[in-house]
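Beneath this line is the structure, given in structure tokens, with notes to follow.
The values are calculated or read from the model by the stated rules, or taken from the named source; none is laboratory data. The structure presented is a predicted model; accordingly, all values stated were derived computationally and were not measured. Cβ placement follows ideal geometry from the backbone for every residue including glycine, while neighbour counts extend to all protein chains displayed. Quick note on the areas: whole protein, heavy atoms, side chains included, nothing else; ligands and nucleic acids left out. Shrake-Rupley method; radii C 1.70, N 1.55, O 1.52, S 1.80 Å.
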Amino acid sequence: MKKFTYYAPTEIVFGAGEEQRTAELVKKYGGSRVLLIYGGHSAVRSGLIDRLMKNLAEAGLEVRSTGGVVPNPLLSTARRMAKEAQEMKVDFILAVGGGSVLDTAKGVAHAAAAPEHDIWDFWSGTKVERSLPIGAVLTISAAGSETSNSSVLTNDDTKPGTKRGMNTDFNRCKFAVMDPMLTMTLPRWQIGAGVADIFMHTSERYFAAILGNHLTDEIAEGLFRDIISYGPKGVQNPEDYEAMSEIMWCGSVSHVGLTGLGAKGDTARDGDWACHQLGMAISALTDATHGATLTAVWGSWASYVCHENMARFAQFARKVWKVTEADDTKAASLGIERTEEFFRSLGMPLTLTELLGHTPSEEEIRAFAEECSYGKKRSIGSFKSLDYDDIVRIYDAAV
């Protein structure tokens with residue numbers, strides 16, 4: 001096990017009706033003037049935004065709400081909201097929604113605290129040195145942004161859009177209110193895509209270049225088994241509280257870092273992350289749903305890289321899927337096959353053709369690979385390092 005520092009300061013408030021504690025939590029972390037950020041109309045139609053606005057106002061907090069965050073969140077929206085935050089001189093950002101809303105709120109918090117910078121500066125290498133506190137009321141189980149130090153934005157100034165991630169401990173929420181009841185009105189497609197993203201956050205850490213982290217593996221394998229059990233149940237019946245609560249908690253634990261501890265090398269991240277890079281390039285150019293982009297490439301990625309360490313994929317098959325095959329190669333193949341069956345049970349695509357609704361052309365494949373490799377200037381992955389040509393081959397295999 002490699003040395004590591006583990007930091008996960010977010011206060012989790014979990015359970016039905018716990019959004020009633022939002023104002024109490026905002027005040028606990030120093031908030032008095034609050035910008036509430038949300039996404040589309042569903043949070044308004046459900047009455048959640050009105051309930052939260054009332055909750056905050058009755059606690060004596062000054063609050064303004066602003067909406068319009070879309071999936072694959074846009075830089076332009078974050079800039080607009082940052083301007084509102086600066087005009088109001090807010091001291092707290094409250095995100096109500098899923099990963100896209102939370103990622104936007106993180107950018108707004110950084111920009112509001114450092115108005116001399118454009119938000120994209122922080123996604124382009126400028127170090128975040130101060131930010132406003134952020135809280136979350138989660139309505140979608142997927143990205144795990146409520147417990148992670150990461151944030152992803154798409155720069156819609158560029159044509160096509162450029163999608164980038166940025167990590168800093170300033171991205172960490174002070175608290176996250178997690179009520180599974182708030183996720184029960186989601187479309188089944190969105191629940192399935194969220195479950196896929198949760199699975200992939202653990203997969204990216206599990207298939208790491210550095211192994212021998214046995215407790216970490218046990219945590220990861222347990223999370224795999226739990227989301228495999230309850231993910232399809234939530235898709236089939238979104239009113240199943242047990243299933244939706246398991247999905248929600250898996251989402252937070254999958255991205256809080258526990259499933260990758262000890263796997264970080266001197267220059268490597270705590271995992272592989274190639275599938276996320278492959279998927280982010282697709283969504284940057286097509287606006288495809290993030291979780292669906294991951295399932296569309298995972299099988300092709302796994303088949304391409306598994307020869308680097310067949311025993312790892314065999315362990316995954318045996319510990320997660322209860323495969324009894326003694327031969328590592330055959331066990332690994334069965335593990336990959338059953339994972340794709342799981343994705344199918346969520347209603348997710350297994351190929352780029354399914355994802356996009358057409359067979360992608362060679363030109364499209366090359367465009368995805370150009371975006372993924374930053375114009376052939378970088379390689380991705382740590383389980384197996386993948387250059388531009390490798391990336392093209394994986395996309396081709398995913399057609």
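Taking all protein chains into account, the per residue accessible area for the chain stands at 40 Å² (1.4 Å probe). In order along the range 133-146, phi translates into HN-Hα couplings of x, 10, x, 9, 10, 7, 10, 9, 8, 6, 6, x, 4, 5 Hz, rounded to whole numbers, per the Karplus curve 6.51 cos²θ - 1.76 cosθ + 1.60 with θ = phi - 60° and x for Gly and Pro. Relative to the longest principal axis of the Cα atoms of the chain, the long axis of helix 188-206 lies at roughly 70 degrees.
Past the 25 Å Cα-Cα mark, which pairs from Lys2/Lys319; Lys2/Lys377; Lys233/Lys384; Lys3/Lys384; Lys106/Lys127?
Numbers: Lys2/Lys319 23 Å; Lys2/Lys377 29 Å; Lys233/Lys384 34 Å; Lys3/Lys384 22 Å; Lys106/Lys127 14 Å.
Table pairs above 25 Å Cα-Cα are Lys2/Lys377; Lys233/Lys384.
For helix 241-254, what angle does its Cα long axis make with the longest principal axis of the chain, in degrees from 0 to 90 and rounded to 10? Between helix and principal axis, roughly 80 degrees.
Stretched out straight at 0.36 nm per residue, the stretch from Glu218 to Lys27 would grow longer than its current Cα-Cα span by 65.0 nm. Label separation (Asn167 vs Met181): 3.7 nm, computed from points 7 Å beyond Cα along the C-beta direction. Approximating the spin labels as points 7 Å out from Cα along Cα→Cβ, the Lys83-to-Phe4 distance works out to 4.2 nm. Amide H to amide H distances under 5 Å link Leu94 with Leu35, Leu36, Ile37, Gly135, where only residues 5 or more positions off or on other chains count and H is placed in the peptide plane. Between the Cα long axis of helix 290-305 and the first principal axis of the chain there is an angle of about 30°, rounded to the nearest 10. Taking the alpha carbon gyration tensor of the range 270-366, multiplying each eigenvalue by 5 and rooting it gives semi-axes of 27, 14, 12 Å, largest first.
Given C-alpha coordinates of the range 130-254, what is the ratio Rg to Rh with the Kirkwood estimate of Rh? Numbers along the way, then the final one.
Details: Rg = 15.7 Å, Rh = 15.7 Å.
Rg divided by Rh gives 1.00.
Computed from phi, the 3J(HN,Hα) profile of the range 165-176 under the Karplus parametrisation 6.51, -1.76, 1.60 (θ = phi - 60°) reads x, 8, 10, 6, 5, 5, 6, 7, 6, 6, 8, 9 Hz, with x in place of Gly and Pro.
For the chain, the relative contact order comes to 15 percent (Cα pairs under 8 Å, sequence separation of at least 6). The phi-based Karplus calculation (6.51 cos²θ - 1.76 cosθ + 1.60; θ = phi - 60°) puts the 3J(HN,Hα) values of the range 377-391 at 9, 9, 9, 10, x, 10, 4, 9, 6, 10, 8, 4, 5, 4, 4 Hz, whole numbers, x for Gly and Pro.
For the chain, the share of DSSP beta bridges that are antiparallel, to the nearest 5, is 25%.
A simple count of charges around His117, restricted to other residues whose Cβ falls under 15 Å of its Cβ and scoring Lys, Arg +1 and Asp, Glu -1, yields +1.
Arrange the peptides 92-101, 118-127 so that the one whose residues have, on average, the most other Cβ atoms within 10 Å appears first.
The packing order, highest mean first, is 92-101, 118-127.
A viscosity of 1.002 mPa s and a temperature of 20 °C, combined with the Kirkwood radius over Cα pairs in Stokes-Einstein, give a translational diffusion coefficient for the range 60-113 of 193 µm²/s.
Peptides 163-171, 131-139 ranked from most to least packed, by the mean per-residue count of other Cβ atoms within 10 Å: 131-139, 163-171.
I'd like the FRET efficiency for His41 and Asp327, computed as 1/(1 + (r/R0)^6) with the beta carbon distance as r and R0 of 45 Å, rounded to 0.05. Using R0 = 45 Å, I get an efficiency of 0.25. One entry in (1) 18.1; (2) 28.2; (3) 19.5 is mean projected area of the Cα convex hull in nm² calculated from the shown coordinates; its label is (1).
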